[in-house]
Amino acid sequence: MDIHDEIRRYWDADAAVYDDVPRHRPTDAGELSAWSATLARLLPPP
């Protein structure tokens, strides 16, 4: 297994609980608004 596989395995395992950690998501309304606007501008429509 190469380093890319190890990194992928780590993040794949962490993905299921990543958003459960309070510091992994914005809690401030201004920060949430800034992230939402940026992502809406950069990502395709849902």
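The values are calculated or read from the model by the stated rules, or taken from the named source; none is laboratory data. Every value quoted in this text rests on a predicted model; they were computed, and no experiment measured them. Glycine also receives a Cβ, built like all others from the backbone with ideal geometry; neighbour counts cover every protein chain displayed.
Go through (1) at pLDDT 90 or above; (2) not in a helix (DSSP H, G or I) for residue 11 and report which single condition fails.
Of the numbered conditions (1) at pLDDT 90 or above; (2) not in a helix (DSSP H, G or I), the odd one out for residue 11 is (2).
Within the range 14-46, can you find the residues that are of a type in the set (Lys, Arg), part of a helix (DSSP H, G or I) and at pLDDT below 95?
23, the sole residue that qualifies.
So, residue 15, is that one under 11 Å from the mean Cα position of the chain (by Cα) and loosely packed, with under 10 Cβ neighbours inside 10 Å or not?
yes
So the check is Cβ under 7 Å with 6+ separation or different chains; which pairs have a first residue in the range 15-43 that's touching a residue at least 12 places away in the same chain (Cβ under 8 Å) and a second one that's part of a helix (DSSP H, G or I) and of a type outside the set (D, E, K, R)?
Hits for this filter: zero, empty list.
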